[in-house]
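First the structure, in the form of structure tokens, and then the observations on it.
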Amino acid sequence: MGPAGAEARRVSDGWTLAAREAEDGEYTVRTRAALPDPAERARYPVAMWITWPWGPIASEAEEDAIIDEMIRFENAVHEAATRGGWGMLVAVVTNGAGREWLWHAAHADEFVGEMRGALQGHPTYPFEVRAWDDPTWKAARELNPRAGMH
């Protein structure tokens, strides 16, 4: 994914939104306008990539319902992670295949366990989680090359 032709705009306090083109179609990226300071980044050296595929969608109403579920998922995890300090949301990518979230965490197993706790009482969501060491926050910088590094 590259920023070719991207025009980023600030959408809320501390976040930007950009529409971009890739070989497989258009996608949008919501990212932090600036990455956290080095001490904060050092607390979260593990990248967590969560993928939620669209799957078959029969109608616009069904698509709206899926988007609402994605928003409930993101809000629940974001609020719990912020409160508990076990993860930091960095970017959200929406494309023709689905929606993907980039988080940074201290430890992958802790993140997954805490995320499951945050989602208790929610329906079972169709997402997959991948984790890898990313102490330099390379993935975040690739999604938003303009994000300031402290």
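Based on DSSP, what percent of beta bridges with both residues in the chain are antiparallel, to the nearest 5? Rounded to the nearest five, the antiparallel share is 95 percent.
Computed about the Cα centre, the dipole magnitude for region 66-105 is approximately 100 debye when only Lys and Arg (+1) and Asp and Glu (-1) carry charge, each at its Cβ.
Only one residue of PHE111, ILE71, ALA58 has its Cα farthest out toward the positive end of the dipole of the chain, where Lys and Arg carry +1 and Asp and Glu -1 on Cβ, and that residue is PHE111.
Scanning residues 5 or more positions from TRP15 or on other chains, those with amide H under 5 Å from its amide H are ALA33, with H placed 1.01 Å from N in the peptide plane.
Each listed q (0.11, 0.17, 0.19 Å⁻¹) maps to a log10 I(q)/I(0) for region 10-120, found by the Debye formula over equal Cα scatterers with no solvent: -0.39, -0.91, -1.10.
The relative contact order of region 75-116, computed from alpha carbon pairs under 8 Å that lie at least 6 residues apart in sequence, is 36 percent. The magnitude of the dipole of the chain, with charges of +1 and -1 set on the Cβ of Lys/Arg and Asp/Glu and taken from the Cα centre, is near 620 debye. Close amide H pairs (under 5 Å, H built 1.01 Å from N) link ALA97 with no residue at least 5 positions away or on another chain.
For ASP134, the residues 5 or more places off, or on other chains, whose built amide H falls under 5 Å of its own are VAL46, ALA47. Taking the helices alone, the chain has a mean residue ellipticity at 222 nm of -10000 deg cm²/dmol, built from -39,500 (n - 2.57) per DSSP H run of at least 4 residues and averaged over all its residues.
Every number here is computed from the coordinates shown, using simple stated rules; none is lab data. The structure displayed is predicted, hence computed values, not measured ones. Here Cβ is always computed from backbone atoms with ideal geometry, including for glycine, and neighbour counts include all displayed protein chains.
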